[in-house]
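Derivation of every value follows stated rules applied to the coordinates shown; laboratory data play no part. Please read all numbers here as calculations on a predicted model, not as lab measurements. Here the Cβ is made from the backbone with ideal geometry for all residues, glycine too, and neighbour counts use every protein chain on show.
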Amino acid sequence: MCSIARWKPNARERLQAAALDLFAERGYDQATAAEIAARADLTERTFFRHFADKREVLFANEATMQAALVAGVQGADTGYVQAGLEAVAAELEPRRAELRRRAALIASHPALRERELIKQAATVTALAAALRDRGVEAGEAELSAEVAIVMLRVAFDRWLATDGGDLLTQIDTVRGQLERLP
């Protein structure tokens with residue numbers, strides 16, 4: 001009897017890692033879904049079970065981040081936005097090296113930057129809805145969500161650019177800078 005398993009775990013994560021490697025080696029435009037799947041030791045069909053297209057390999061974790069943000073808001077008694085940002089920081093913190101590679105790739109490709117902005121807009125919408133669900137007035141919820149996501153983006157970029165410190169510290173620093181605006 002053969003002792004080699006036909007199924008290997010973590011297909012989604014393996015596809016994401018393979019995609020980042022291939023994109024770095026050959027460039028985003030030159031890598032195909034079939035090559036990503038082969039690098040992950042999976043089939044192209046498996047690739048498309050997990051991702052709609054090769055761009056989604058880079059953005060698939062956005063839903064998890066968005067869910068953490070909304071759950072943080074929903075679970076807080078007060079300080080809804082801060083609780084959401086803390087939940088996001090906890091989600092992203094262990095992935096710093098991977099996120100650096102991803103950010104560099106996105107920055108180098110206009111279509112990926114566009115997709116990133118679309119995903120950020122969806123996160124603003126989700127955060128505003130979560131705030132409204134907590135009883136925050138609609139206009140205040142929209143403004144809070146927009147400011148929070150800009151604050152998160154700035155803190156995230158700074159965090160990736162450094163080797164020390166954590167994301168939550170960067171978020172707090174950006175919040176302090178906003179409070180001191182002239």
**Study point:** Helix 80-92 vs. the chain, principal-axis angle (Cα, 0 to 90°, nearest 10)
**Key:** 20
Exercise for review: Could you tell me which of T32, L168, A67 has its Cα farthest along the dipole of the chain towards the positive end, charges placed at Cβ (Lys, Arg +1; Asp, Glu -1), taken about the Cα centre?
Suggested key: T32
Practice item. Starting with the highest mean, order 158-164, 126-132 by the number of other Cβ atoms within 10 Å, averaged over the residues of each peptide. Key: 126-132, 158-164
Exercise for review: Assign one of three labels to region 1-75, namely rounded, prolate or oblate, based on the Cα gyration tensor with a ≥ b ≥ c the square roots of its eigenvalues; rounded applies when a/c is under 1.5, prolate when it is not and a/b is larger than b/c, and oblate otherwise.
Suggested key: oblate
Study note, to complete from the structure: Whole-Å distance linking the alpha carbon centroid of region 138-182 with that of region 42-65 is 28
Practice item. Starting from the Cα gyration tensor of region 61-179, take the square roots of the eigenvalues, sort them a ≥ b ≥ c, and report rounded, prolate or oblate (rounded when a/c is under 1.5, otherwise prolate if a/b is larger than b/c, else oblate). Key: prolate
Review point. Could you give the dipole magnitude of region 11-57 about its Cα centre, charging the beta-carbon of Lys and Arg +1 and that of Asp and Glu -1, in debye to the nearest 20?
Key: 140
Point to revise | From phi via Karplus (6.51, -1.76, 1.60), per-residue ³J(HN,Hα) for region 116-127 in Hz, x at Gly/Pro | key: 4, 5, 5, 5, 5, 5, 5, 5, 4, 4, 5, 5
**Study point:** Degrees, to the nearest 10: 96-107 long Cα axis against longest axis of the chain
**Key:** 90
Review point. In sequence order, what are the phi-derived ³J(HN,Hα) couplings for region 46-54 according to the Karplus relation 6.51 cos²θ - 1.76 cosθ + 1.60 with θ = phi - 60°, rounded to whole Hz, with x for glycine and proline?
Key: 5, 3, 6, 6, 9, 9, 5, 7, 5
**Study point:** Estimated 222 nm signal from helices in the chain, with DSSP H stretches of n ≥ 4 weighted -39500 (n - 2.57), rounded to 500
**Key:** -24000 deg cm²/dmol
Review point. Taking the Cβ of R101 as the center, what net charge do the other residues with Cβ under 12 Å away carry, scoring Lys and Arg +1 and Asp and Glu -1?
Key: +1
Practice item. Could you list the trypsin sites (Lys or Arg not before Pro) in region 41-91 that lie in coil according to DSSP, counting only those with at most 15 other Cβ atoms within 10 Å of their Cβ? Key: none
Review point. Comparing V147, V81, V70, which has the greatest mean-square fluctuation in the GNM of the chain with Cα pairs linked when under 10 Å apart?
Key: V147
